[in-house]
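We did not get these values from a lab; they are worked out from the coordinates using the rules stated. In this text, all values refer to a predicted model and were calculated from it rather than measured experimentally. Note: ideal-geometry Cβ built from the backbone for every residue, glycine included; neighbour counts use all protein chains shown.
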Amino acid sequence: MNIKKFIIGLFILTLSTTGYAQVSSKKTLTLDGAMKVISAAVDYAKKKNAPGAAIAVVDDGGNLIALERLDGTFAAGSNISIGKARTAALFKKPTKGFEDIIAKGRTSMVALQDFTPLQGGVPITLDGEIVGAIGVSGAASAQQDEEIAVAGANAVSSATPSLSVAYFDKNKVSAAFAKGAPLIEISNYKVHASRRTEPGIAEVHVKDTDIIYMLEGSATLVTGGEVVDGKTTATDEVRGKEIKGGETRNITKGDVIIVPAGVPHWFKEVKGPVIYYVVKVS
């Protein structure tokens, strides 16, 4: 045997089996995409008479792509909006969640580096994959900061879907169910791999019909009735403390329930963990 050829062949085999030569592909937010996000956010801010906002868009690594300052923006608005966007991108969650956690007493989180736990940062998702985030600061309220951010993020998230087939292998599906995450979100439908370990809050999707298929666990679900202390938390989304009245059902493995758009619903009790698919159709 030619020893030189053997050594070269062994080297190539080692590279292929260790994964050294493997690469992966992912979606990337371009400058054009970032400008589309900002344009939608600016349009929404003007419709809501919310001058003075600073709007930042970052990629999935938290790097700034674009920044827009509306007339009347306060001096620190730009840096705050960038911080919100960066936090939402790096932690892959809206920043309001962190503000709520800190308000409940977990103040040690403020020690995290490059961390801006203020409402108004929202991830930008395309086909179930986070490609960046938008941060807004300086509107009339923190709630309005987030509403503007959501409007901007939806400009990409709700883009016209391609005709390609979406496929998710079992490992990606299992990973999504392990933490509760969207599999895909496009303009006319969304598929979420959902997971609950505790009761939720009352919610109303103004435009989305929820089709819920229970896979594991059981829960008490209330539908209909009236949302108590309901507030608009994002475009076409209402949240509240609980539901007054309505119809109560115990749902368990194998059950399917369809909640039409505009109907309040609330996971009042959860015997968890509860794992379920949600298909959202607009």
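Brief remarks on what is shown
- Top of 50, 34, 139 by mean-square fluctuation, Gaussian network on the chain, Cα under 10 Å: 50
- Taking amide hydrogens as placed 1.01 Å from N in the peptide plane, the amide H of residue 255 sits under 5 Å from those of 214, each at least 5 positions away in sequence or on another chain.
- The chain, helix-only ellipticity at 222 nm - DSSP H runs n ≥ 4, -39,500 (n - 2.57), divided by all residues, nearest 500: -9500 deg cm²/dmol
- Taking a point 7 Å out from the Cα of residue 253 in the direction of its Cβ, the residues of segment 192-234 whose backbone N falls within less than 16 Å of it are 196, 213-219.
- Relative contact order of the chain, pairs being alpha-carbon contacts under 8 Å that are 6 or more residues apart, as %: 15
- When each of 179/271; 26/46; 47/207; 47/244 is checked by Cα-Cα distance, pairs over 23 Å: 26/46; 47/244
- 20 Å tail of the calculated P(r), segment 170-281, as % of Cα pairs: 38
- Kirkwood analysis of segment 31-157, using all unique Cα-Cα pairs, places the hydrodynamic radius at 13.8 Å.
- More than 34 Å apart - percent of Cα-Cα pairs taken over the chain: 28
- Across segment 76-89, coupling constants 3J(HN,Hα) worked out from phi with the 6.51/-1.76/1.60 Karplus curve, θ = phi - 60°, read 8, x, 4, 5, 5, 5, 5, x, 5, 4, 4, 5, 5, 6 Hz, and Gly and Pro carry x.
- Residues with amide H under 5 Å from that of residue 242, placed H, sequence gap 5 or more: 202, 228
- The aspartates and glutamates within cross-link reach of residue 36, meaning a Cα-to-Cα straight distance under 13 Å and a gap of 8 or more places when in the same chain, are 68.
- For residue 124, residues with placed amide H under 5 Å, excluding near neighbours: 131, 132, 133, 134
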